[in-house]
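For reference, the structure is listed below as structure tokens.
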Amino acid sequence: MEAAPHILVVDDDREIRDLLARFLRKHGFRVDSAADGKAMWRLLETGRFDLIVLDLMLPGEDGLSLCRRLRAQTTNMPIIMLTAIGEEMDRIIGLEMGADDYLAKPFNPRELLARMRAVLRRSGAAPNPSEAAGADDLTFAGWRLRPGPRELLAPDGSLVELTGGEFELLCALAGRPNRLLSREQLLDQTRGRDAVSFDRAIDVQISRLRGKIEADPKNPAIIKTVRGAGYIFATKVERP
């Protein structure tokens, strides 16, 4: 059991916490749970977790604020956010704060399980699309993308932190330079077929990537938008 992924469920509904703990343990995960942000931070101080399932609506500090604080401390901790059904703006904001995926309540635990497995694959807990495509480094416009160790090096050699979703999206784009890729194609390549299509998720990730690799994110030269069609990685990519 020590090798099983360790999951932290943060939700103020005790019935949901208990249900998810039983269900996930049945499927081989180790699980701890917290009813609010204070309890979450206490558990994070004493244990190592592979993924956090974080409810948006919590007493005290809400899930969006907690997600933002988590991302300020680490980009490596996968986060799946639980949101109210139909609240698309909350989902968009959650992704902007750094959540790797979202799921609307009420939900089927099996769908959450599928999304967790997909996010864990992207985070490096299992084979991911970037590794499947090969571990060769890619260079573009002075940048170096390293799929093996999952690193992005800036032109000055410094390490740029990316979330798991941002890294997979950059691998998908850089692996197919100067080709139009639709949002649907990018969703399929980075989030997996078990994720519900949500076009704005890709738009949010693209915006965040541009903020990290573009000299002028408002006038991008590397990741270009083709209105109504998708995106093009519009620069030369080499394998050194």
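In this structure the amide hydrogen of L58, modeled in the peptide plane, comes within under 5 Å of the amide hydrogens of G63, none closer than 5 places in sequence on its chain. Using a ≥ b ≥ c from the Cα gyration tensor of segment 197-236 (square roots of the eigenvalues), is it rounded, prolate or oblate, where a/c under 1.5 gives rounded and otherwise the larger of a/b and b/c decides, a/b for prolate? Taking the square roots of the gyration eigenvalues as a ≥ b ≥ c, segment 197-236 is oblate.
Using C-alpha pairs below 8 Å separated by at least 6 residues, the relative contact order for the chain is 14 percent. Entry note, segment 1-125: relative contact order of 21 percent, from Cα contacts under 8 Å with a spacing of 6+ residues.
From largest to smallest, the equivalent ellipsoid semi-axes obtained for the chain from the alpha-carbon gyration tensor read 31, 19, 17 Å.
Listed values for segment 155-171 are Karplus-derived 3J(HN,Hα) couplings in whole Hz (6.51 cos²θ - 1.76 cosθ + 1.60, θ = phi - 60°), namely x, 8, x, 6, 7, 9, 7, 10, 6, x, x, 5, 5, 5, 5, 5, 4, and x replaces Gly and Pro.
Can you tell me what share of the DSSP beta bridges in the chain is antiparallel? A percent to the nearest 5 is fine.
45 percent
Backbone geometry of segment 18-28 corresponds, through the Karplus equation with coefficients 6.51, -1.76 and 1.60 at θ = phi - 60°, to 3J(HN,Hα) couplings of 5, 4, 5, 4, 5, 5, 5, 5, 4, 9, x Hz, x marking Gly and Pro. Rolling a 1.4 Å probe over the heavy atoms of the protein chains gives segment 1-54 an accessible area of 55 Å² per residue. Name the long-range amide H neighbours of L180: under 5 Å, sequence gap of 5 or more, or other chain; modelled H, no Pro or chain starts. Amide H neighbours of L180: none. At 1.4 Å probe size, with the rest of the protein present, what percent of the exposed accessible area of the chain is carbon and sulfur atoms? Roughly 48 percent, rounded to a whole number. Put simply, when 202-208, 102-108, 169-175 are sorted by average Cβ atoms within 10 angstrom per residue, most first, you get 169-175, 202-208, 102-108.
The values are calculated or read from the model by the stated rules, or taken from the named source; none is laboratory data. Note that the structure is predicted; figures quoted are calculated from it, not measured. With ideal geometry, Cβ positions are generated from the backbone for all residues, glycine too; neighbour counts draw on all protein chains shown. Remember, those area values only see protein heavy atoms, side chains included, never the ligands or the DNA or RNA. Shrake-Rupley method; radii C 1.70, N 1.55, O 1.52, S 1.80 Å.
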